[in-house]
1. Per residue of the protein assembly as shown, what 222 nm ellipticity follows from adding -39500 (n - 2.57) for every DSSP H run with n ≥ 4, rounded to the nearest 500?
2. Under a 1.4 Å probe, what is the accessible area of the stretch A:79-301 per residue, stated in Å²?
3. Evaluate peptide A:199-210: per residue, the Cβ atoms of other protein chains within 10 Å of its Cβ; return the mean as an integer.
4. Quick check on my link table: of B:55/B:286; A:89/A:210; B:43/B:323; B:110/B:146, which ones sit more than 27 Å apart, alpha carbon to alpha carbon?
5. By average Cβ neighbour count within 10 Å, what is the ranking of B:268-274, B:28-34 from highest down?
6. Provide a whole-number value for the mean count of partner chain Cβ atoms within 10 Å of the Cβ atoms in peptide B:122-128.
7. Helix by helix, which DSSP H runs in chain A go 18 Å or more along their axis at the Cα atoms and have an average Kyte-Doolittle hydropathy of 1.6 or more?
8. What percent do you get for the relative contact order of the stretch A:79-301 when only Cα pairs under 8 Å and 6+ apart count?
Amino acid sequence: MIPVVIAVIFLVYGIMHMTPGDPVAVMLGADATPELIQETREALGITDPFLVQFANYVKNLFTGHFGTSWYTGRDVSERLFAAIPYTIKLSLLAMLVALVLSIPMGVLAAVKHNSLGDYTISIFAMIGVSAPTFWVGTMLMLLCSLGWGILPSAYDGTWKSYVLPTITQGFNMLASVTRTQRSSMLEVLSADYIRTARAKGVSNFSATYKHALRNAIIPSITVAGLNFGTLIGGAVAIETVFAIPGVGRLMIDSIKLHDTPTVIGCMVFVSVMVSVINLLVDLLYALIDPRIKAQYLKGGKK
Amino acid sequence: MSNDMNKTNDVMLDIKNLVVEFKTEDETVQAINGIDLKINKGKTHGLVGETGAGKTTTALSILNLVPFPAEKPTAGTIELDGVHLYKTNEKGECVPALTEKDYQSIRGEKVAMIFQDPMTALNPIFTVGDQIAESVRLHQNVDQAKAMERAREMLELVGIPAKRADDYPHQFSGGMKQRVVIAMALACNPSLLIADEPTTALDVTIQAQVLEMMRGLRDKFGTSVLMITHDLGIIAEMCDEVSVMYAGRIVEYGNLEDIFDNTRHPYTQGLFNSLPNIEDRKAELKPIRGLMPNPADLPKGCAFCPRCDYAMEICKTVRPERKWLSETHCVECHLYDDGKDVSKL
């Protein structure tokens with residue numbers, strides 16, 4: 001996990017390093033003297049070679065310092081830590097809502113295969129995976145805020161203002177997990193061991209929910225884990241559309257201002273969060289599937 | 001078989017005129033086309049035939065687990081130990097005679113089934129002990145601890161150490177898994193055991209072990225067995241009576257002697273010719289030419305006619321009637337019309 005995070009930082013650091021534009025000019029304004037510019041540059045450490053800068057940054061990171069913002073002149077963590085709760089709350093809420101809805105929907109579509117309900121769910125899921133996040137957000141806003149006026153369009157601290165962003169952000173995951181759950185459930189329901197279970201007198205209900213569901217949920221967890229990256233990537237668009245002061249918003253603002261330390265800080269947070277979720281997914285696998293657990297245990301002994 | 005035998009109470013399973021059709025939008029697959037099958041208590045009945053002959057569908061009909069899109073037989077009756085599993089309604093359609101709950105209590109308790117492929121027959125996420133215990137708990141009023149105890153007992157019975165009850169299916173080899181499946185099937189002392197090609201997926205040495213074990217358990221508990229197989233060797237080892245199935249019909253039925261020494265139907269003969277001969281290793285195998293007819297488009301006359309070396313004009317148009325050659329032996333073939341005795345085919 002830590003190597004992944006460092007690799008991500010390296011990439012972001014490299015890309016930000018190569019982008020044109022002089023942050024010092026932005027910071028000091030047009031009428032700064034060349035001497036002052038040079039002094040500021042040295043103070044920021046951007047005259048050092050790239051690798052030295054990178055090494056220093058990573059070293060500081062381990063002591064909890066995200067560097068000094070080139071825009072505010074204060075520690076990046078100040079604004080970053082203020083923004084993180086919004087993003088965590090929103091992303092986890094979106095994921096939770098998506099999973100709580102998608103798994104029953106997928107199961108229902110599979111159990112009532114080729115029924116009207118199945119078709120409705122499938123079409124809904126198809127729209128969900130193909131519609132881009134910002135479009136969904138804008139459309140929901142048009143309908144619910146401007147059209148019916150039942151929900152606020154921008155963040156105002158109330159629970160109501162979480163509803164639209166949560167739906168928007170979770171929509172894609174909801175759709176793709178529904179599709180995955182449906183197809184894996186269909187596959188598992190026709191598996192031999194379900195027939196074995198039925199043949200020993202297990203009821204239809206128990207065969208579906210005890211024997212099949214736990215097997216069929218594994219691919220859904222994989223997809224949810226993979227999708228979490230997309231979901232949190234969507235935060236950038238969603239926080240902008242709904243005016244939420246989260247990490248995504250902070251990142252966009254900082255990119256515009258060429259505030260490299262803040263952008264990297266945001267990226268570090270996002271990559272850590274995605275890694276943590278993927279770790280949880282792996283642990284969840286082991287909890288559900290004894291075969292995967294056995295692999296882990298075997299790997300640990302080496 | 002003479003009619004007075006029907007009236008005695010030692011019939012375990014009695015299938016009459018069973019028809020199963022799978023109707024889809026484009027075609028009707030005639031999986032089973034009117035078979036009769038009877039197993040007496042404590043007897044083992046072999047059902048032989050090629051892949052796709054309808055053997056497994058027959059077995060699933062007994063459990064009322066015929067897969068979609070048929071879900072139940074089209075016609076016929078099945079009686080299990082005097083209890084009707086299906087009946088015919090006023091319209092002549094076959095309908096389940098019991099509620100789903102009743103079928104659930106019959107499955108596993110009175111009729112248990114061993115499936116063909118042990119590699120996929122066990123649920124990968126439950127321990128084998130749990131899977132055997134589940135069957136016990138469903139049918140007997142016992143708590144989990146008692147059921148697990150029974151599961152361990154069953155494992156010992158099939159030659160697996162009881163302490164392995166806490167292992168998962170992936171920790172067992174194929175032969176061991178099949179033993180687990182057998183333990184699961186026998187956990188509630190079923191009166192009828194359906195073994196659907198129980199050894200096909202196993203290698204030869206393990207086959208012999210599993211068969212030996214099954215035979216021992218059958219004799220110990222007096223279980224009736226429906227042994228589904230395409231292996232005539234297993235039939236010779238295990239069975240009292242044999243039905244040869246072809247394209248959804250039983251083309252020849254008899255006891256071991258009838259079938260093995262007085263083979264009548266050209267198809268049965270073809271099955272024997274496809275076996276290697278251990279006395280004459282140079283002898284060429286004579287496979288039955290051609291393939292099984294498409295069950296969605298069966299020939300009008302005898303289904304075996306296109307592959308039969310003895311086919312006559314009548315075979316193409318008229319489906320042969322069942323003919324009793326002796327008390328125990330019957331065949332569906334035009335060769336035996338007019339009471340002809342063609343003892344040497």
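1. Working: 24 runs with 326 residues, N = 647.
One gets -16000 deg cm²/dmol as the mean residue ellipticity at 222 nm.
2. Details: 10120 Å² over 223 residues.
Solvent-accessible surface per residue comes out at 45 Å².
3. Values: counts 17, 19, 17, 6, 4, 2, 0, 3, 1, 0, 0, 3.
Counting other chains' Cβ atoms within 10 Å and averaging over A:199-210 gives 6.
4. The pairs that break the limit, which is 27 Å between Cα atoms, are A:89/A:210.
5. Details: B:268-274: 18.3, B:28-34: 21.6.
Going from most to least packed, we get B:28-34, B:268-274.
6. Neighbouring Cβ atoms belonging to other protein chains average 6 per residue here.
7. Details: long enough: A:2-18 (24 Å, 2.38); A:50-62 (19 Å, 0.81); A:76-111 (51 Å, 1.73); A:116-130 (21 Å, 1.34); A:160-189 (40 Å, 0.15); A:213-241 (39 Å, 1.22); A:260-288 (42 Å, 2.05).
The answer, listed by residue number, is A:2-18, A:76-111, A:260-288.
8. Working: 263 pairs, mean separation 57.3, N = 223.
In percent, rounded to a whole number, it is 26.
The values are calculated or read from the model by the stated rules, or taken from the named source; none is laboratory data. Only a predicted model underlies this, so the values are computations on that prediction, with no experimental measurement involved. Every residue, glycine as well, gets a Cβ built from its backbone with ideal geometry; the counts of neighbours run over all protein chains shown. The accessibility values were calculated without ligands, DNA or RNA, using every heavy atom of the protein model including side chains. Shrake-Rupley method; radii C 1.70, N 1.55, O 1.52, S 1.80 Å.
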